[in-house]
Amino acid sequence: MRSNGKPTVRQVYALARTLCERAGEEFPETRDAASELIERLRTENGHPAPRLEDVPRRPRGQRRGASRAAKELADEMR
């Protein structure tokens, strides 16, 4: 097990699924369902920008890890 670096995509999904179970929520099966659940939970928690559209996007150069994370997830799913 790696002890340094960011969590793997697989770890993030496992954490999200576990937190949904703990909160009595079903893990979303679609992007739309995930967006609705995120917005509802953020609103319930008093988040200042509950909709994902309300959060400013990072400039393109700062998202380098996204393609690596996607590749890692694809590798883990094989």
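Scanning the range 5-48 for residues that are over 26 Å from Ser67 (Cα atoms) and surrounded by fewer than 12 Cβ atoms within 10 Å (Cβ to Cβ) yields Glu21, Arg22, Ala23, Gly24, Glu26, Thr43, Glu44, Asn45, Gly46, Pro48. When the residues of the range 58-78 are filtered to those that are at pLDDT below 70 and assigned to a loop (DSSP other than H, G, I, E, B), the one that is surrounded by the most Cβ atoms within 10 Å (Cβ to Cβ) is Arg64. When the range 42-56 is filtered for residues that are modelled with pLDDT of 70 or more and under 20 Å from Asp32 (Cβ atoms), the ones remaining, listed by number, are Arg42, Thr43, Glu44, His47, Ala49, Arg51.
Of the residues making up the range 20-48, those that are assigned to a loop (DSSP other than H, G, I, E, B) and of a type in the set (Asp, Glu) number 3.
Under the condition of being hydroxyl-bearing (Ser, Thr, Tyr) and more than 18 Å from Leu73 (Cα to Cα), the residues counted in the range 19-46 number 2.
The values are calculated or read from the model by the stated rules, or taken from the named source; none is laboratory data. It should be emphasised that the depicted structure is a prediction, and the values quoted were computed from it without experimental measurement. FYI the Cβ positions are ideal-geometry reconstructions off the backbone, even for glycines, and counts take in every protein chain you see.
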